[in-house]
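The structure appears below as structure tokens.
The values are calculated or read from the model by the stated rules, or taken from the named source; none is laboratory data. Since the model is a prediction, treat every value here as computed from it, not as a measurement. Cβ placement follows ideal geometry from the backbone for every residue including glycine, while neighbour counts extend to all protein chains displayed. Remember, those area values only see protein heavy atoms, side chains included, never the ligands or the DNA or RNA. Shrake-Rupley method; radii C 1.70, N 1.55, O 1.52, S 1.80 Å.
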Amino acid sequence: MSTPLPPEHPDWLWRDPDPKSSYDAIVVGGGGHGLATAYYLAKNHGITNIAVLEKGWLAGGNMARNTTIIRSNYLWDESSAIYEFALKLWEDLPAELDYDFHFSQRGVLNLAHTLQDVRDSTRRVNANKLNGVDAEWLEPNEVAKVCPIVNVSPDVRYPVLGATFQPRAGIAKHDHVAWALARACDQLGVDLIQNCEVTGFVKDRDRVVAVETTRGRINAGVVGLAAAGHSSVLAEMAGFRLPVQSHPLQALVSELYEPVHPTVVMSNHVHVYVSQAHKGELVMGAGVDSYNGYGQRGSFHVIEHQMAAALELFPIFGRAHLLRTWGGIVDVSPDASPIISATPVENLYVNGGWGTGGFKATPAAGWAMAHTMATGEPHELNRPFALERFATGALINEHGAAAVAH
């Protein structure tokens, strides 16, 4: 019996094909990155004999538990390149996919509260401009103009000394993004197979030739792993280790309110982000549990700190009511940057280690992963994000370099 799908789920996704005995390509993970990989394999490379294998239902994992934030104002050249490419794809995707997933370029503010914050932030603005990314430095009075409900009073514990602002940044409705990509994959002939958990890999010496699943063995020409939060589990099944750790990422939403929050506000110092969804919920988060785990639920001590930080910045939310909390699962690499790479197993590729930055990179991650799987060579976007960097030391350390890691 199939797992029930969310009430808003489009009717066409009830079609759940039985897996064929063999595919040219298999993508493990039916979230944003997996669906984007399959979409671009078909669209850019003409490979349509593809199966996307999802152990639950499409977009039922981290894709439905992320921050919804989209931005490209990262510090390092390598990060800036892939996130800016993603943002340019985002700007065209609603028309390309013919699907309104509520992509809203309302801008993102990254607040500065100390002199070191100011130095780091202005450095990042200059780096963004050199990389062709839209970025501005705003003084406190200018912050108040962009977002009047932020507390910019100097007489608070963490006064706002200014902020970076990326006007082209914004949000999108995450589950609708997945459905848009899934519909496009379906139209291109891709099989979207739900309730199909991968339980092992079949190898001929050092080459993957098939995957074992709860619905039987499926032969594969090439396999891509795009199962956020569980990358290390799949890698272990395939016989190698990934340098990532999985942690629960906490978030919450309020009850519905009239539109009061015009942009996205993030603060590294008090460590919270706040936006307002299209329906009216206030979306808050930024807390990652310090322990390793796979729990998709909220940890109250982390949520308590998030809400205290939010109220420091937005006193207007003092009477807002909590609606629900949850946890996603993020796998974090040692340099807080992704891994899109070949693996020690031939014809097996991995996309993981994004930490909290995965959603905003969705189209670019799929584009680069598809190129790598189709050609056997990395795209220029993901060449710096190979596994080998952890042996050579060519790390891309985004820990704290780009404000809150979201």
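Annotations for the structure displayed:
- Checking ARG106, ARG65, ARG71 one by one, the residue that is of a type in the set (Lys, Arg) and over 17 Å from the mean Cα position of the chain (by Cα) is ARG106 and no other.
- In segment 78-112, the residue that is farthest from ALA178 (Cα to Cα) out of those that are open to solvent by less than 10 Å² (accessible area, probe 1.4 Å) and polar (S, T, N, Q) is ASN110.
- Number of the exception - ASP191 against (1) among the charged types (D, E, K, R); (2) open to solvent by 30 Å² or more (accessible area, probe 1.4 Å); (3) modelled with pLDDT of 95 or more: (2)
- For ILE47, the requirement of being in contact with a Gly (Cβ under 8 Å, 6 or more places away or on another chain), touching a residue at least 40 places away in the same chain (Cβ under 8 Å) and of a type in the set (Val, Ile, Thr) is not met.
- Top-ranked residue of segment 301-317 - restricted to ones that are of a type outside the set (A, V, I, L, M) and out of contact with any Ser or Thr (no Cβ under 9 Å at 6 or more places or on another chain), ranked as nearest to ASP289 (Cα to Cα): HIS301
- No other residue among GLY280, GLY318, GLY295 is open to solvent by 10 Å² or more (accessible area, probe 1.4 Å), among the small types (Gly, Ala, Ser), out of contact with any Lys or Arg (no Cβ under 8 Å at 6 or more places or on another chain) and modelled with pLDDT of 85 or more apart from GLY318.
- Residues of segment 194-227 satisfying the condition of being in a strand (DSSP E or B), surrounded by fewer than 22 Cβ atoms within 10 Å (Cβ to Cβ) and not charged (D, E, K, R): THR199, GLY200, PHE201, VAL202, VAL209, ALA210, THR213, GLY216, ASN219, GLY221, VAL222
- Residues of segment 113-160 that turn out to be surrounded by 12 or more Cβ atoms within 10 Å (Cβ to Cβ), part of a loop (DSSP other than H, G, I, E, B) and not charged (D, E, K, R), as a count: 15
- Number of the condition not met by THR392 [criteria: (1) of a type in the set (Ser, Thr, Tyr); (2) open to solvent by 20 Å² or more (accessible area, probe 1.4 Å); (3) in contact (Cβ under 8 Å) with a residue 40 or more places away in the chain]: (3)
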